[in-house]
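Only the coordinates and a few stated rules stand behind these numbers; no lab work does. All of these numbers come straight from a predicted model, not from anything done at the bench. All Cβ positions, even for glycine, are placed from backbone atoms using ideal geometry, and neighbour counts span all protein chains on display.
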Amino acid sequence: MTRIEFLDKLCQGLRGLPPATLKEIMADYEAHFKDAAAAGRNESEVAEALGDPTRLARELRAEAGVKSWDEAKTPSSAATAIIGILGLGALDILVLLPLAGGVFGTLIGIFAAAIGAFIAGGTLFAAGPFMGLPGGVFASLLAGCGVMLGSAAIGALALALTIWLVNGLVWFARLHYRVLKPALES
C-alpha cells in the first residue's frame with residue numbers, strides 16, 4: 001500500500017472528527033512516512049508497520065472521543081466517546097470473538113489428535129513386534145516411531161501457531177488499552 005492510499009483510507013475513516021483533530025492526526029501520520037523515507041524505508045513497509053488504516057481510524061476515533069470527554073464533559077463529547085468505543089468494540093464482539101473461538105477450538109482439537117496419535121504410535125512401537133504385523137518387527141518399530149514423530153511435529157506446529165495467536169491477542173489488547181488508558185486513569 002502506498003502512502004497516498006494509506007492516508008486516504010485513514011482520512012475516510014476519520015470523517016466526522018473536528019477539523020483541527022483531523023488535521024493533527026493526518027499531519028502526524030504524514031510525518032511517519034516522511035521520517036521513514038529519510039531513514040531509507042519504502043512506503044509499503046511503513047504502511048504495513050502502521051497496520052490496517054481502517055482499524056487504525058476506528059482506534060483514533062475512539063481515542064479522540066475519550067480525549068474530547070476529558071477536555072469537556074458535555075453530552076456531545078460523552079456521545080462521541082461512547083460511539084467511538086462501541087465502534088471499536090463492535091468489530092471485536094461481532095467478528096473477532098467468534099473467529100477466535102473457532103480458531104482456538106480447532107487448535108484444541110489438533111492438540112488432542114496429536115496426543116492420541118502419539119499414544120497410538122507408542123502402542124504400535126511397543127506391541128507391534130508381538131502382533132505379527134506385515135513387514136515384521138522392524139516395520140512395526142519404524143511405523144511406531146514414524147507415527148510418534150509425526151504427531152510430535154504436528155503438536156509443535158500447533159503450539160507455535162498458538163503462541164503466535166496469543167501474541168497477536170496481547171498486541172490487540174494493548175491497542176485497546178492504549179485507547180482506554182486515559183479514561184481509566186481519571
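See the values below:
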item: V137 versus I115: modelled label distance in nm, points set 7 Å from Cα along the beta carbon direction; result: 3.3
item: Extension gain (nm, one decimal) between N167 and T54, 0.36 nm per residue minus Cα-Cα; result: 38.5 nm
item: L159/A126 FRET efficiency (R0 25 Å; Cβ-Cβ; nearest 0.05); result: 0.50
